[in-house]
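Structure record follows, encoded as structure tokens.
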Amino acid sequence: MVYDSYWRLAAERQEIFLRRLRGDTPPWTEDSVLLAYKFTNTYRASDRVSQYLLRNVIYGEAYDDRDVFLRIMLFKLFNRIDTWEYLVTEFGDVSFQTFQFQAYDRALEAARARGKKIYSAAYIMPSAGRVFDVPRKHQGHLLLLERMVRDELWKKLQDAGSMGAAFDLLRGYPSIGGFLAYQYLIDLNYSPLLDFSENDFVMPGPGAVDGISKCFSDLGGLSEAEIIQAVCDRQVEEFTRLGVDFKSLWGRPLHLIDCQNLFCEVSKYSRVRHPEIEGIAGRTRIKQIFTSSGDLISPTYPPKWGLNDTVTAWVTANRRDRPTLFPHGGMRRPLAREEEAK
């Protein structure tokens, strides 16, 4: 029953996204669990933080490869929008020219002293302080980023040859475990720096492993990563089997990262919908309550996906009596390496 809920959750959460984008009046669903609690979007790239990353960190201005890498990693190490905006306010621009350990350390320490949270609660960020012999968590992460830039890690990732090889490079840095390395790789892959298929590689996080344990009584000798691959491959058959009309991302099917996230979300969802099904994590409550932020602005996606014109046309045709913003319409893209050379 949890496995069937996996597919119904994927379809209904995507419907909520589209209803909000159209400007429909809430409630946007009749599912009592989705009404009450916060769940990520079916497609990871549609989530608020991913949208901010795309619009304001990667594609807001034209940057060379080094700056694009530094900006993405700095944003993701804290994974908090107001921390990024605070740094932009402090330094005017976030780039190699302004990135300097002492200055950024002072700014972040001042924010902490005022009681400001500088890290998101979405991921558990292990400290790199012991590795770099510094007392503060943010100091360790700033020094970690310094090392990555000094190592010209973006060039090594570009030369990796596969998503798995790129993952191993990220995984080799202090305090970056498998789940974080995979999440960072997906974010870097949104940019022009990398162009791997999101179906090349997957690394299940703890939430996804718990969700898988609720969906299957026996994995049949497969690993959790192989389960996610098998489920991703079967999406059309499973939606058809259940009679579910799944609205894809304007023609883009679910990819491995989306299926991984959905296992994490069905782990949460089943705590309320199927409380009798126990997973390996043993968690019984959903902590985050859903609060509406109103209508959505037109989303933007990596230009290489070829979706943005289609999205704009869809929103224009379907928006209900509300003015719509199209932030990606005037965005400048990062400099390609050939343009940088010129």
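The values are calculated or read from the model by the stated rules, or taken from the named source; none is laboratory data. Everything numeric in this text was worked out from a predicted model, so none of it was measured. Here the Cβ positions follow ideal geometry from the backbone for every residue, glycine too, while neighbour counts run over all protein chains shown. Heads up: the accessible areas ignore ligands, DNA and RNA and are worked out on the full protein's heavy atoms, side chains in. Shrake-Rupley method; radii C 1.70, N 1.55, O 1.52, S 1.80 Å.
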- Query: Scanning for something open to solvent by less than 50 Å² (accessible area, probe 1.4 Å), modelled with pLDDT of 95 or more and assigned to a helix (DSSP H, G or I), does segment 295-305 turn up at least one residue?
  - Reply: no
- Note on the structure: Checked pairs for segment 159-179, first under 17 Å from Ala128 (Cα atoms), second open to solvent by 30 Å² or more (accessible area, probe 1.4 Å) and part of a loop (DSSP other than H, G, I, E, B), C-beta under 6 Å and 6 or more apart or across chains, list as Ser175/Pro126; Gly178/Met203
- Task: May I ask you to list the residues in segment 183-197 that are of a type in the set (Phe, Trp, Tyr) and either assigned to a loop (DSSP other than H, G, I, E, B) or free of Cβ contacts under 8 Å to residues at least 40 places away in the same chain (or both)?
- Result: Phe196
- Query: Looking at segment 1-92, what helices (runs of 4 or more DSSP H) fall wholly within it and have at least 3 residues that are open to solvent by less than 30 Å² (accessible area, probe 1.4 Å) and modelled with pLDDT of 95 or more?
  - Reply: 2-22, 65-78, 81-91
- Spot the failing condition for Val149; the list is (1) farther than 19 Å from Leu9 by Cα; (2) surrounded by 19 or more Cβ atoms within 10 Å (Cβ to Cβ); (3) among the β-branched types (Val, Ile, Thr), and only one is missed. (2)
- Item | In segment 110-131, the residues that are in contact (Cβ under 8 Å) with a residue 40 or more places away in the chain and of a type outside the set (Gly, Ala, Ser) | Ile118, Tyr119, Tyr123, Met125, Pro126, Val131
- Query: What residue, of Ile176, Ile124, is within 20 Å of Phe75 (Cβ to Cβ), at pLDDT 95 or above and of a type in the set (Val, Ile, Thr)?
  - Reply: Ile176
- Inside segment 116-172, can you point out the residues that are of a type in the set (Gly, Ala, Ser) and not in a loop (DSSP other than H, G, I, E, B)? Gly129, Gly140, Gly164, Ala165, Ala166
- Note on the structure: Checked segment 271-286 for anything without any contact (Cβ under 8 Å) to a residue 40 or more places away in the chain and either open to solvent by less than 100 Å² (accessible area, probe 1.4 Å) or in contact with a Lys or Arg (Cβ under 9 Å, 6 or more places away or on another chain) (or both); matches are Arg271, Pro275, Gly282, Thr284, Arg285
- Query: Does segment 173-191 contain at least one residue that is open to solvent by 60 Å² or more (accessible area, probe 1.4 Å) and over 16 Å from the mean Cα position of the chain (by Cα)?
  - Reply: no
- Of (1) open to solvent by less than 20 Å² (accessible area, probe 1.4 Å); (2) of a type in the set (Gly, Ala, Ser); (3) at positive phi, Gly115 satisfies every one except (1)
- Message: With the requirement that a residue be in a loop (DSSP other than H, G, I, E, B) and either surrounded by fewer than 16 Cβ atoms within 10 Å (Cβ to Cβ) or of a type in the set (A, V, I, L, M) (or both), what does segment 250-270 give you?
- Response: Gly251, Pro253, Leu254
